[in-house]
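Novice: Below you will find the structure I want to go over with you.
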Amino acid sequence: MIRVQREDFDLGDELKALATTRGRIGGIVSFIGLVRDFAGDAPIQAMTLEHYPGMTERQLQAIDAEAHSRWPLDATLIVHRYGRMTPGEQIVLVIAASAHRDAAFDACRFLIDWLKTKAPFWKLEEGSEGSQWVEAKSSDDQAAVRWAKR
Amino acid sequence: MKLLYFAWLRSKTGVAEEEVTPPADVRDVGSLLAWLKTRGPGYAAALQDLSVVRVAVNQDYARLQDKVGPTDEVALFPPVTGGRR
């Protein structure tokens, strides 16, 4: 399941929702991405995540479906926020649940690596010298290459 | 054809969204970008380096040789940076 929202999320609430609907889950792995207070060497005060409504949901659904085709998963959840956020705030949540932990760990890592390169989000950072669009970094592509089909 | 611009492509072109009717010889993403460049200095600046421009046709990533038509939604944006580490 995927959600794109402006509001914050609560990991505890999301895990409870998963647990009440499933009986066969043996392990749950979660990842939360936060806003950092630095960009390279420069401090940042806030950032705004812009996205492409419609395409974002479409790409996240495709990534989610791909994870389910690769691993025996009982449940997955991607929650991605957009809008203005300050350091320490939660940006993204990924949860993968499976009967066995290996699939849950691998799928969680896969989901976050792939969504970083495929989901249409752009980061505008606010620093002491004004706002600046962040440029893409090749290490994100390399993280995704790890999961390319061999 | 509906065009959408995101992030700095919007700032440079000064346009978030527009409806356009390209010339008849614009049939794919590559020729669309070439035509857009001729529409003004903002467009020329935004599309100067195509290695930092990504295109989606109807919300799926597209390549320069992919076809575009009058009913398509075409979006122009930088490489995604939502989760840069």
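Novice: Right, A:I91: within 14 Å of chain B (Cβ to nearest Cβ), farther than 24 Å from A:A39 by Cβ, of a type outside the set (D, E) and touching a Lys or Arg at 6+ places or on another chain (Cβ under 8 Å) or not?
Specialist: When the stated conditions are applied, A:I91 does not pass them.
Novice: What number goes with the only condition from (1) modelled with pLDDT of 90 or more; (2) more than 9 Å from chain B (Cβ to nearest Cβ); (3) in contact with a Lys or Arg (Cβ under 9 Å, 6 or more places away or on another chain) that A:P120 does not pass?
Specialist: Checking A:P120 against (1) modelled with pLDDT of 90 or more; (2) more than 9 Å from chain B (Cβ to nearest Cβ); (3) in contact with a Lys or Arg (Cβ under 9 Å, 6 or more places away or on another chain), the one that fails is (2).
Novice: If B:L32 meets every condition in (1) within 12 Å of chain A (Cβ to nearest Cβ); (2) outside any strand (DSSP E or B) apart from one, which number is that one?
Specialist: Failing condition for B:L32: (1).
Novice: Right, here's the next one. Give just the number: which of (1) away from chain A (no Cβ under 14 Å); (2) not in a loop (DSSP other than H, G, I, E, B) does B:L9 not satisfy?
Specialist: So B:L9 meets the others, but not (1).
Novice: Further question on the same structure: Among the residues of segment B:38-65, which ones are over 24 Å from A:H51 (Cα atoms) and either of a type in the set (S, T, Y) or surrounded by 14 or more Cβ atoms within 10 Å (Cβ to Cβ) (or both)? Walk me through how you get there before you give the answer.
Specialist: Step one: filter segment B:38-65 for residues over 24 Å from A:H51 (Cα atoms), giving B:38-41, B:65.
B:T38, B:R39, listed by residue number.
Novice: Only one residue in A:R81, A:R101, A:R70 is surrounded by 17 or more Cβ atoms within 10 Å (Cβ to Cβ), out of contact with any Cys (no Cβ under 8 Å at 6 or more places or on another chain) and of a type in the set (K, R), so which one is that?
Specialist: A:R81
The values are calculated or read from the model by the stated rules, or taken from the named source; none is laboratory data. In this text, all values refer to a predicted model and were calculated from it rather than measured experimentally. Reconstructed Cβ throughout: ideal geometry from the backbone, glycine too, with neighbour counts over all protein chains shown.
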